[in-house]
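Visitor: Here it is: the structure, laid out below.
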Amino acid sequence: MSESAEEPGRIEAPASCFPPWVILAGCLFFYVTVVGFVIPSGAKYHGDERFYTDAAMRMCDTGDYWTPYYPNGKIRLLKPIMTYLGVAGSFKAFGVSLLSSRLPSLLAGALSIAATFFLGRTVFKSARLGAFSALLLASNIEFLTLSARATPDAQVTLWTLVSLLGFAKVWFDEKPSLAGPMLAWVGMGLAVQTKGLLGFCPLAANAVFLWFAPRGSLSSRPRQLLDWRALVPGVAIALSWYLLMVRMHGAGALRDFFDDQVGAKVSLSPGFMLHNLFTYALAGVRHFMPWTLLVAVGLFFARDWLRAFWKERRAACIFLLALFPLLVIAFSFGNMRTSRYVMVSYPALAVFLAGALDAWWAHAGLQRLLRTLIPVLSALLFVMGAVLIWLG
């Protein structure tokens, strides 16, 4: 049972003056405005974009939309087909340009913000928290950055989120339906077709969830996931391109894919692994600033609100947090270090932070503290902004 508004140290969270759908529309407008302003410019160009734009241009020229190639004519099967198809389709529709190459990522980011709203609403049974979750994701600097690139990151984040939304509907919806398993398996299949083995991470995260979550009402729900109407199309989507490549180019053609996914990416150096662990764990904190800073302030001055939130929402918290540490640990064994690898977990983290901050706001003592701190922090930010403007 949740604490009532009359219990000590707790007040009702204030209702937003805007309906949740208005907040969601505002987030989408902000996102499209910011990212849309950036994507025509080459100032933020990333070197990996050329792999997808070059292959997509060749697809448009040759009509072969299934096999990606390097400019020198060598087959490039390091990544699956979905990103190439998105860029090629945009080139066909809008012409070849830097802007059109990034439009699929822009669209994937917008859909991720909308799907995060539905994930928050499903897990916490609150459209208000769904809207707050969308706001947190739309303000994430890594999410905005990767949504402005013609790379797989924004698209694999979307499909992973769709899969997590399906699992959430299975675990948390009161009435079972085909929509949950369908979203879970088809979303995972599309994620596998976007970035290979990373696409299976929703399945691994939900295995962790089932292991640690309270049993109770979940006991009969795993059987819903085995609905063949959802499982068959999900598996078919996940395997289709790989089977096609084996048929067209032989089993050896996928050797580069295996090396890129596993064989050439593993490091067993203890020092490098510890550095990776710290870098990836910190990424989730710094990319969600200032929201994580607010949580830290709340933890410093009072911890009882977090304990109450965890006790009341234990299953939801485990579900939302399972993916991030799983990715942090998995990528700590890699020989490359880039924080974008953990971005697929950010929508779920956004929903968790929205719930935690809502509980933080409902604590009377911390709300009084926030009201004191806001004018001070605002003044400091104003002075800092003025100094940065003066420095150019």
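Visitor: Residue farthest toward the positive end of the dipole of segment 228-332, with Cβ of Lys/Arg at +1 and Asp/Glu at -1: which of ALA283, TRP241, VAL297?
Guide: Selected residue: VAL297.
Visitor: Using the crude model of +1 on Lys and Arg Cβ and -1 on Asp and Glu Cβ, and no other charge, please compute the dipole size for segment 142-254 relative to its Cα centre, in debye to 20.
Guide: 220
Visitor: Can you give the translational diffusion coefficient of segment 86-177 in µm²/s, computed by Stokes-Einstein from the Kirkwood radius over Cα pairs at 4 °C and 1.567 mPa s?
Guide: Working: Rh = 14.0 Å.
It diffuses with D of about 93 µm²/s by this estimate.
Visitor: Got a number for the accessible area of HIS275? Probe 1.4 Å, square angstrom, nearest 10.
Guide: 90
Visitor: Relative contact order, percent, of segment 267-392 when contacts are C-alpha pairs under 8 Å separated by at least 6 residues?
Guide: 35
Visitor: All other residues with a Cβ under 14 Å from the Cβ of LEU103 taken together, and with Lys, Arg as +1 and Asp, Glu as -1, what is their net charge? Don't skip to the end; give the middle numbers.
Guide: Details: positive: LYS92, ARG102, ARG149; negative: GLU49.
Summing Lys/Arg as +1 and Asp/Glu as -1 gives +2.
Visitor: Here is a further query. What spacing in nm lies between the two simple spin-label points modelled at SER177 and TRP211, each 7 Å away from Cα in the Cβ direction?
Guide: Spacing of the two 7 Å Cα→Cβ label points: 3.2 nm.
Visitor: Would segment 280-345 count as rounded, prolate or oblate if I go by the C-alpha gyration tensor, calling it rounded below 1.5 in a/c and otherwise prolate when a/b exceeds b/c, oblate otherwise?
Guide: On the way: a/c = 2.94, a/b = 1.64, b/c = 1.79.
Verdict is oblate for segment 280-345.
Visitor: Which one, MET188, LEU146, THR372, is farthest towards the positive end of the dipole of the chain when Lys and Arg carry +1 and Asp and Glu -1 on their Cβ?
Guide: Checking the options against the dipole of the chain, the answer is MET188.
Visitor: Moving on. In whole Å, largest first, what are the principal axis extents of the Cα atoms in segment 33-152?
Guide: Answer, in whole Å and largest first: 52, 28, 24 Å.
Visitor: Then there's this: Which percent of the accessible area of the chain is formed by carbon and sulfur heavy atoms (probe 1.4 angstrom)?
Guide: On the way: 13370 of 19010 Å².
That fraction is 70 percent.
Visitor: Then there's this: Quick one: length gained pulling MET384 to ALA281 fully straight, 0.36 nm per residue minus the C-alpha distance?
Guide: Values: separation 103, 0.36 × 103 = 37.08 nm, distance 2.79 nm.
Length difference between fully extended and current span is 34.3 nm.
Visitor: While we're looking at this one, here's another question. Grab the Cα-Cα distance for VAL235 and TRP310, subtract it from 0.36 nm times how many residues apart they are, and report the gain in nm with one decimal.
Guide: 23.5 nm
Visitor: Amide H to amide H under 5 Å from GLY334: which residues, 5+ apart in sequence or cross-chain, H placed 1.01 Å off N in plane?
Guide: Hits under the 5 Å cutoff: SER267.
Visitor: Normalised by the number of residues in the chain, what is the relative contact order in percent for Cα pairs under 8 Å and 6+ residues apart?
Guide: Details: 553 pairs, mean separation 75.3, N = 392.
That works out to 19 percent.
Visitor: Now a separate question. Under a point-charge model restricted to the Cβ atoms of Lys and Arg (+1) and Asp and Glu (-1), what is the dipole moment magnitude of segment 273-349 relative to its Cα centre, in debye to the nearest 20?
Guide: Rounded to the nearest 20 debye, it is 20 debye.
Visitor: Oh, and also: Given the convex hull over the Cα atoms of the chain, what projected area results after averaging over all orientations, in nm²?
Guide: Projected over every direction and averaged, the Cα hull of the chain covers 22.3 nm².
Visitor: Could you calculate the contour length gain from LEU99 to ALA43, that is, 0.36 nm times the residue separation minus the distance between their Cα atoms, to one decimal place in nm?
Guide: The span from LEU99 to ALA43 would gain 18.9 nm if fully extended.
Visitor: Just want the answer: with Cβ charges of +1 for Lys and Arg and -1 for Asp and Glu, which residue in VAL208, ALA356, PHE309 is farthest toward the dipole's positive end in the chain?
Guide: VAL208
Visitor: Where Lys and Arg each count +1 and Asp and Glu each count -1, what net charge lies around THR279 among other residues with Cβ under 11 Å from its Cβ?
Guide: Charge balance in the 11 Å sphere: +2.
Visitor: Cross-chain or 8 or more residues apart, Cα under 15 Å: how many lysine pairs in the chain fit that? Count them up, please. Mind showing how you got there, number by number?
Guide: Working: LYS79/LYS195; LYS79/LYS265; LYS125/LYS169; LYS125/LYS175; LYS195/LYS265.
Within the chain, the lysine pair count is 5.
Visitor: What range in the chain is the longest one free of GluC sites (Glu not before Pro) that are in a loop by DSSP and have at most 10 other Cβ atoms within 10 angstrom?
Guide: The segment 175-392 is the longest one with no such site.
Visitor: When the chain is modelled as a GNM with alpha-carbon springs shorter than 10 Å, which of ARG371, ARG121, ARG340 fluctuates the most?
Guide: Its mean-square fluctuation being the largest, the pick is ARG371.
Visitor: When the helices in the chain are scored as -39500 (n - 2.57) per DSSP H run of 4 or longer and the sum is shared across all residues, what 222 nm value do you end up with, to the nearest 500 deg cm²/dmol?
Guide: That comes out to -22000 deg cm²/dmol.
Visitor: Rounded to the nearest whole Å², what accessible area per residue is found for the chain with the 1.4 Å probe?
Guide: That works out to 48 Å² per residue.
Visitor: Further question on the same structure: Can you tell which of VAL87, VAL156, VAL295 shows the greatest fluctuation in a Gaussian network model of the chain with Cα springs below 10 Å?
Guide: Of VAL87, VAL156, VAL295, the most mobile in the Gaussian network model is VAL295.
Visitor: Under a Cβ-only charge scheme (Lys and Arg +1, Asp and Glu -1), can you give me the dipole magnitude of the chain about the Cα centre, in debye to the nearest 20?
Guide: So the dipole magnitude of the chain works out to roughly 280 debye.
Visitor: Per the Kirkwood treatment, what hydrodynamic radius in Å, one decimal, follows for segment 121-254 from the mean inverse distance over all distinct Cα pairs? Walk me through the numbers before you get to the answer.
Guide: Working: mean 1/r = 0.0615 Å⁻¹.
Hydrodynamic radius (Kirkwood, Cα pairs) of segment 121-254 is 16.3 Å.
The values are calculated or read from the model by the stated rules, or taken from the named source; none is laboratory data. The structure presented is a predicted model; accordingly, all values stated were derived computationally and were not measured. Neighbour counts run over all protein chains shown; Cβ positions are idealised from the backbone, glycine included. Ligands, DNA and RNA are excluded from the accessible area calculation, which covers all protein heavy atoms including side chains. Shrake-Rupley method; radii C 1.70, N 1.55, O 1.52, S 1.80 Å.
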